[in-house]
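FYI, it's all coordinate maths here, none of it is from the lab. Keep in mind the model is a prediction, meaning the values are calculated, not measured. Virtual Cβ from ideal backbone geometry, glycine too; neighbours counted across all protein chains shown.
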Amino acid sequence: MTQDHSALLARIDELAAMPETMMSELIRHGLQELIEAELSAAIGAGRYERAEGRTTHRNGHRNKTITTAAGDIEVKIPKLREGSFFPQLLERRRRIDQALHAVVMEAYVHGASTRNVDNLVKALGGETGISKSEVSRICGDLDKQVTAFRERRLAHVEFPYVFLDATYCKVRVGAHVVSRAMVVAIGVTMDGTREVLGTSVGDSESFEYWNEFLQSLRARGLSGVHVVISDAHAGLKAAIGRQFTGAAWQRCRVHFMRNVAAKVSAKHMPPVLAAIKTIFAHTEADAVASQWDSVTDMLDKQFPAVADMMRAAKADVLAFSEFPKTHWQKIWSNNPIERLNKEIKRRADVVEIFPNDAAFLRLATAVVMEQHDEWQVGRRYLSETSMTELRKVIKAKQHAEAKALAATEPTD
């Protein structure tokens, strides 16, 4: 990277002679020097250097345009005779950042940008603009990845636990801006790991929409579902019953508490919720059910609407108690998917209004794809030992169902 004193002075004289492009040229020259230095370290030899430890040789360059705050600059990425090289300094944007960039650029090109989008475009160095063909190329590359992910087969393993939820964002449809639902499905495998099963964007959380979405998951091979965790949206609940016959439905505990809070005044909310929370402090299924009844009876006198709600929801909110105790806190609420929805919203807030459904789906799916990849290399959501307990529970349940069925069959 070093140059002698006279060479540096000569370079400074060259830059001084072109003040309008001085900054971009300085950046380009500095980046190129750093790229060449990184390559030399990677292959164990500098340009034209003879070294015993070198692993391969240079084989020309390819041009790459980098967008910076000083404008677009062109650097040369070295090619190798064997293998490939891409400088860490210019590390490829993560898929999620590519998606965000594509959405912003698409909004910018279509004239649907807001003040925040304009500011982000400038921060990304795009004051000089970006062509529609470039936007199409970026979006096309991302759409291929998104489509492959959304249509991949799910038959490689069974998913005993499935989480479902939706989040809403603003999308421009024709001359109107409407709220569109982004639905996400997460599954826990029999190995205890998590996967994002699917995503979709639609008009609402109607039965028809949810039913079509769940049907598509089954068509892709989703099987072995024993519990579905979600809120109590009527359309979703009906679709679960249609597509996962025989599976238990776990009504999200957090959503249920919110429904209860809506039935009482702000003054009485803390003691009512505190009483209900005592139910989930028990560690035996019988004790949980007994405490549910006790709290229901206690609230009946002063809060009959809450008591009625609890009586109707008992089986659904306590569905978790039929499964291994070590899984209870993991499956009695939609918290895992809620956190994912928050990340989608955080990214979507940058855009504010999406130019179309495809842009919304592209960004949101890119978010969940990144999370999916992290789950594949991270620790298990549920331990291998606890999954062995689940297999025993499932086997015992299947045996009981088979015995009950045999008892109802007529004998000769």
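By its C-alpha gyration tensor, with a ≥ b ≥ c as the square roots of the eigenvalues, how is region 328-412 shaped: rounded for a/c under 1.5, else prolate for a/b larger than b/c, else oblate? Prolate.
Given points 7 Å out from each Cα along the Cα-Cβ axis, report the Val157 to Glu352 separation in nanometres with one decimal. Result for the modelled spin labels: 4.3 nm. On the basis of the beta-carbon distance and an R0 of 51 Å, Glu409 and Glu212 show a calculated FRET efficiency of 0.90.
Apply the a/c threshold of 1.5 to the C-alpha gyration tensor of region 193-255 and tell me whether it is rounded, prolate or oblate. The shape class here is rounded. Close amide H pairs (under 5 Å, H built 1.01 Å from N) link Arg251 with Val317, Ala319, residues at least 5 positions away or on another chain. Using the Cβ-Cβ distance between Glu401 and Asp297 with R0 set to 25 Å, the FRET efficiency works out to roughly 0.20. Going 7 Å from the Cα of Ile394 toward and past its Cβ, which residues in region 147-170 have a backbone nitrogen under 18 Å from where you end up? What the label zone holds, given the 18 Å backbone N cut-off, is 154-164.
Got a sec? How would Val272, Val393, Val351 order by Cβ neighbour count within 10 Å, fewest to most? If you can, show how the numbers build up before the last one.
On the way: Val272 21, Val393 15, Val351 25.
With the fewest neighbours first, Val272, Val393, Val351 line up as Val393, Val272, Val351.
Considering only DSSP states other than H, G, I, E and B, which GluC sites (Glu not before Pro) in region 254-361 qualify as loop sites with at most 14 other Cβ atoms within 10 Å? Don't jump to the answer; show the numbers that get you there.
Working: sites: Glu284, Glu322, Glu338, Glu343, Glu352; in loops: Glu284, Glu352.
Counting only loop positions with at most 14 other Cβ atoms within 10 Å, the GluC sites (Glu not before Pro) in region 254-361 are Glu284.
The slack in the chain from Ala232 to Arg220, taken as 0.36 nm per residue of separation less the alpha-carbon distance, amounts to 1.8 nm. For region 158-288, the gyration tensor built on C-alpha atoms gives an oblate shape. Its axis ratio a/c (a ≥ b ≥ c) is at least 1.5, and a/b is not larger than b/c.
Which entries in the list Lys301/Lys342; Lys64/Lys342; Lys76/Lys144 go over 31 Å, if you measure between the two C-alpha atoms of each? Kindly include the intermediate steps, with their values, before the conclusion.
Details: Lys301/Lys342 38 Å; Lys64/Lys342 35 Å; Lys76/Lys144 27 Å.
From Lys301/Lys342; Lys64/Lys342; Lys76/Lys144, over 31 Å: Lys301/Lys342; Lys64/Lys342.
Within the shell defined by Cβ-Cβ distances under 13 Å, the residues around Ala219 carry a net charge of +3, with Lys and Arg each +1 and Asp and Glu each -1.
The alpha-carbon of Lys403 sits under 27 angstrom from the alpha-carbons of these lysines, leaving out residues fewer than 8 places away in its chain: Lys314, Lys325, Lys392, Lys395.
Counting neighbouring beta carbons within 10 Å and listing from fewest to most, the residues Tyr161, Tyr209, Tyr48 come out as Tyr48, Tyr209, Tyr161. Hydrodynamic radius of region 270-412 by the Kirkwood approach over all distinct alpha-carbon pairs: 19.3 Å.
Note on Thr283 and Gln376: the extension gain reaches 30.4 nm, defined as 0.36 nm multiplied by sequence separation minus the Cα-Cα distance. Measuring from centroid to centroid over Cα atoms, what is the spacing of region 357-380 and region 390-412 in Å? Region 357-380 and region 390-412 have Cα centres separated by 39 Å. Once the chain from Lys267 to Ser290 is taken as fully extended at 0.36 nm per residue, the excess over their C-alpha distance is 5.6 nm.
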